[in-house]
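Enquirer: This structure is in structure tokens; I'll ask about it shortly.
Only the coordinates and a few stated rules stand behind these numbers; no lab work does. If you're wondering where the values come from, they're calculated on a predicted model, not measured in any experiment. Quick reminder, even Gly has a Cβ in these numbers, built from the backbone with ideal geometry, and neighbours come from all protein chains shown.
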Amino acid sequence: MYLSSQSIWADITRIRDQAPLVHSITNFVVMNNTANALLALGASPAMVHAPEEVDDFVAIASALVVNIGTLDATFVAGMKLAMRRAKELGKPIIFDPVGVGATTYRNTVSAELLALAAPDIIRGNASEIMALAGLNAQTKGVDSLYGSDAAVDAGRRLSSVWGSVVVISGETDYIIHGEQTATIDNGHPLMTKVTGMGCTATALAGAFAAVDTDYFQAATQAMAVMGIAGELAALKNLAPGSLQLNFLDALYGLTESDIVERLKLTIL
Ligand SMILES: Nc1ncnc2c1ncn2[C@@H]1O[C@H](COP(=O)(O)OP(=O)(O)O)[C@@H](O)[C@H]1O
Ligand SMILES: Cc1ncsc1CCOP(=O)(O)O
Ligand SMILES: [Mg+2]
């Protein structure tokens, strides 16, 4: 069954069985939480960004996650080498343009990375997707000043220019690829009070893309799992510190019935 609780559970089972190696070049803020989220889901994370070794590492990985949250020249050099190599090897590339629109540096680096190797999946909040699409969108650092619905046209444009699956996260997540659009209405507002939840969504999309070559389905299913795990965590205690930890336990203990009972997926 395409894009259903059954296909979501099938991907989770593949991740837990295969423990795909997800190579992350990501920011200092979320290295730990995204590695733990990938482990809790069943994948095998490795945060490797040195230009001296990314070529070799991406060759042994099943997916490459690139996140521009804390950029510097070394990170940028490693990102370019890794993305070029992943493209050569046909490995899925998942891109998180954290804070694009906030500085010229982020805008320039993002444009260079997209031109070098179009990502298979791009995941950002509304401000980031609008800025990446070239709109003069405002952003509040790494946070969005707009709801996800405001970025749908920008997402469509980005998808048509680069051929990428574009995910706009927010209260409703929009997943766009060409003429295809799906939405996920799972999740909890408290997730915005825990740093790294967006970066975690991008990292989990890497695990799904590692086992599912239909990247529209993989991205949509990653967002569904993010939201459902967030809801289950919020049920335990409505406070950000415990949400961060309960989220990991929710990913680890996710069952098929959790998906069946909670999934709020719409194919437009
Ligand atoms: N208001 C909300 N209600 C429910 N879930 C939300 C809400 N805002 C964000 N989320 C969820 O939190 C996660 C992070 O999304 P977001 O905050 O948009 O990313 P970022 O941290 O990159 O800005 C996603 O899984 C998203 O679905
Ligand atoms: C706070 C911060 N600063 C640079 S990267 C980062 C983490 C952003 O994580 P997310 O986009 O998932 O909120
Ligand atoms: Mg983010």
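Enquirer: For residue 10, are the conditions met, namely being of a type in the set (Gly, Ala, Ser), more than 16 Å from ligand 2 (Cβ to nearest atom) and without any contact (Cβ under 8 Å) to a residue 60 or more places away in the chain?
Expert: It is true that residue 10 is of a type in the set (Gly, Ala, Ser), more than 16 Å from ligand 2 (Cβ to nearest atom) and without any contact (Cβ under 8 Å) to a residue 60 or more places away in the chain.
Enquirer: How about the stretch 129-226: which strands (runs of 3 or more DSSP E) wholly inside it have at least 1 residues that are within 15 Å of ligand 3 (Cβ to nearest atom) and either buried (at least 18 other Cβ atoms within 10 Å of the Cβ) or not aromatic (Phe, Trp, Tyr) (or both)?
Expert: The qualifying strands (runs of 3 or more DSSP E) are 165-169, 173-177.
Enquirer: Assess whether residue 145 counts as being within 13 Å of ligand 1 (Cβ to nearest atom), without any contact (Cβ under 8 Å) to a residue 24 or more places away in the chain and of a type outside the set (D, E, K, R).
Expert: Considered against the rule, which asks whether it is within 13 Å of ligand 1 (Cβ to nearest atom), without any contact (Cβ under 8 Å) to a residue 24 or more places away in the chain and of a type outside the set (D, E, K, R), residue 145 comes out as yes.
Enquirer: Looking only at the stretch 106-128, which residues are outside any strand (DSSP E or B) and within 13 Å of ligand 2 (Cβ to nearest atom)?
Expert: Result: 106, 126, 127, 128.
Enquirer: Does at least one position in the stretch 63-72 carry a residue that is in contact with a strand residue (DSSP E or B) (Cβ under 6 Å, 6 or more places away or on another chain), among the small types (Gly, Ala, Ser) and within 17 Å of residue 218 (Cα to Cα)?
Expert: Scanning the stretch 63-72 turns up at least one residue that is in contact with a strand residue (DSSP E or B) (Cβ under 6 Å, 6 or more places away or on another chain), among the small types (Gly, Ala, Ser) and within 17 Å of residue 218 (Cα to Cα).
Enquirer: In the stretch 232-268, what residues are crowded, with 19+ Cβ neighbours inside 10 Å and in contact with a His (Cβ under 9 Å, 6 or more places away or on another chain)?
Expert: 233, 234, 243
Enquirer: Kindly provide the set of residues from the stretch 50-98 that are in a loop (DSSP other than H, G, I, E, B), over 17 Å from residue 38 (Cα atoms) and touching a residue at least 24 places away in the same chain (Cβ under 8 Å), ordered by number.
Expert: Passing the criteria: 50, 51, 68, 69, 70, 71, 91, 97, 98.
Enquirer: Any chance the stretch 32-47 includes a residue that's in contact with a strand residue (DSSP E or B) (Cβ under 9 Å, 6 or more places away or on another chain), farther than 28 Å from residue 244 by Cα and more than 16 Å from ligand 1 (Cβ to nearest atom)?
Expert: Among the residues of the stretch 32-47, not one is in contact with a strand residue (DSSP E or B) (Cβ under 9 Å, 6 or more places away or on another chain), farther than 28 Å from residue 244 by Cα and more than 16 Å from ligand 1 (Cβ to nearest atom), which makes the answer no.
Enquirer: Can you spot a residue in the stretch 233-250 that is closer than 24 Å to residue 2 by Cβ and not basic (Lys, Arg)?
Expert: Within the stretch 233-250, none of the residues are closer than 24 Å to residue 2 by Cβ and not basic (Lys, Arg).
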